[in-house]
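These notes are about the structure you will find just below.
Just so it is clear, none of the values below were taken in a lab; they were calculated from the coordinates. Keep in mind that this is a model prediction, so the values were computed, not measured. In this analysis, Cβ positions are derived from the backbone assuming ideal geometry, glycine residues included, and neighbour counts consider all displayed protein chains.
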Amino acid sequence: MKQHNEYQSYLGIPPLAGLCSMARAVDGTWSLDESLGRLKRLHYVLKRLHEMLTERITAEPIYELKTAFSYHAYLCAEQVTLLRRRVGEMREPPLGLESVPDPALARLMDEVECSPTTPAFLAGVYTVVVPAVLQACDRIRSDAHPLADAPTVRVARLIHFEIGELVDFGSAALKQMDDESLIAERQPWIDYLRTCIDAAGEIDGVQATGEDPPPPWHSVTPYRYDNEPRRDERFQDPYNAGVNPEAFLYDQDFSAQDKTLMMYYKRIRELDVPEMMASILVELRQEEPWEFHLEMSRQLWDEARHAMMGEVGFVALGIDWRQIPINFTWSRNLNLQLNARERHGVLFFIEQNLMPRTGKRYEWEVANESGDPLSAVFQDFDWADEVLHAQIGRRWYVPRYESLKDALSYGDACWSKVLSHWKSYRDQGLTQHRNWWPEIYSQACIGWDKDPDPRALVFCETYEDKRADLEKIR
Ligand SMILES: [Fe+2]
Ligand SMILES: [Fe+2]
């Protein structure tokens, strides 16, 4: 019997801080190089996942997928950050985190990025790549020295914990969207992705064969980001800018309860922010450091959450939000008319203006006064999120300018030069700018069991000549 099997800890309390048994700890088959190699490969794959999920946000029409991609891109960004930090702890600047660790992994990720259809993309991400990432994390947990390389083991466990839920979401979504013929049609390509993983010797390279990856399939033509926002068929009349919710919200004449309805609309309409922010992340991919992408991805995800809070608000009020035109011309106009730096300027300018008394605090006060506890919860956290976003802007946008004042006026000027196309969208027959408010407000009043306020019922301010900050359009 070997010495270590007789080893006794004090009173039999688990030894080694509970990391592992002594029998496991005396096994010396692991190295820093092995650990680094696996971490870098995982880093590459998760970073590519972050990029390709972000790229799809703008033009993916289906709301549930658009918001899920926002979430999953953010989760991937957090894992990338964990991995970068751990690699940075392993005595090796330069870290080499920007280089491609294996051409077969590059082929795999290029192919998934170039998926020809949404179900193919879901299948590639959620049934092929993410499960392979989870397996690689499992192998780190069993192979890495639990004591010497405990920080890496922790990282692998955290990634597994956070990324695991992506598989559940993706499989459930795919089940609803797929049919036998779609599955059969893409099977050869799924097998092809498997061949790429085999050529890589799995995500972590543990079974490396030195084989070349197969030639590109869909990735023969490189992926092109589509910056034009799209919505599914539930979003009818998305060019409609016939109701100016800010004008209602800041009017002293209207009640707090009535304003909560308009705030739910403002929240769900925030779906345009992820659509716009994704374009900034894609276009500044090479120009900004990783920390920029991490923080902006968090902000993007928050904005998707804000939209979903609006959705929940309408469900709570028993109102079918599909009757409401949820406008997308803000993201559309910004994406099609400005460059990434200009869009960032507009974003910062708007968010900075949300901070003074008339902004997010005001919305929270209105929600509290309204007697709608759900609105109060949502505005409370919405306010907190927006404070964070203003800080992110101060870290990543303002330092490019001489002063805060310059940074703000640049954003204001960029916003002013965006053509709202209010009249031309109407003249082209894309919308009538129908005033949907009286109808939805009347429905809410039935739910609230009250008579509509006659003044609120005739509210009819539009965006024709005013921006969302109530500045006149020049
Ligand atoms: Fe927001
Ligand atoms: Fe925000």
Note to self: What's the total number of residues in segment 275-300 that are crowded, with 24+ Cβ neighbours inside 10 Å and touching a Phe, Trp or Tyr at 6+ places or on another chain (Cβ under 8 Å)?
What the structure shows: 6
Item checked: Scan of segment 324-369 for residues that are among the hydroxyl-bearing types (Ser, Thr, Tyr) and surrounded by 20 or more Cβ atoms within 10 Å (Cβ to Cβ), ordered by number -> THR329, SER331
Next item on the list: Examine segment 387-403 for a residue that is more than 21 Å from ALA304 (Cα to Cα), away from ligand 2 (no atom under 16 Å from the Cβ) and assigned to a helix (DSSP H, G or I), and state whether such a residue exists.
Entry: yes
Checklist line | In segment 370-396, residue surrounded by the fewest Cβ atoms within 10 Å (Cβ to Cβ) [restricted to those that are under 25 Å from the mean Cα position of the chain (by Cα) and more than 16 Å from ligand 1 (Cβ to nearest atom)] | finding: ARG395
Note to self: Looking at segment 378-399, I want the residues that are among the aromatic types (Phe, Trp, Tyr) and have a partner that is in a helix (DSSP H, G or I) and within 11 Å of ligand 1 (Cβ to nearest atom) with Cβ atoms under 6 Å, at least 6 apart or on another chain. Which pairs are those?
What the structure shows: PHE378/MET309; TRP383/LYS360
Item checked: segment 430-450, residues that are part of a helix (DSSP H, G or I) and either among the hydroxyl-bearing types (Ser, Thr, Tyr) or touching a residue at least 24 places away in the same chain (Cβ under 8 Å) (or both) -> TRP437, GLU439, ILE440, TYR441, SER442, GLN443, ALA444, GLY447, TRP448
Item checked: Count of residues meeting criterion [in contact with a helix residue (DSSP H, G or I) (Cβ under 7 Å, 6 or more places away or on another chain) and either within 13 Å of HIS389 (Cβ to Cβ) or within 11 Å of ligand 1 (Cβ to nearest atom) (or both)] in segment 281-306 -> 11
Notebook entry, point to check: Restricting the search to segment 54-90, which residues are over 23 Å from ALA150 (Cβ atoms) and not in a helix (DSSP H, G or I)?
Noted result: THR58, ALA59, GLU60, PRO61, ILE62
Note to self: Show me the helices (runs of 4 or more DSSP H) found entirely inside segment 227-298 where at least 2 residues are closer than 20 Å to ARG56 by Cα, away from ligand 2 (no atom under 16 Å from the Cβ) and touching a residue at least 24 places away in the same chain (Cβ under 8 Å).
What the structure shows: 272-283
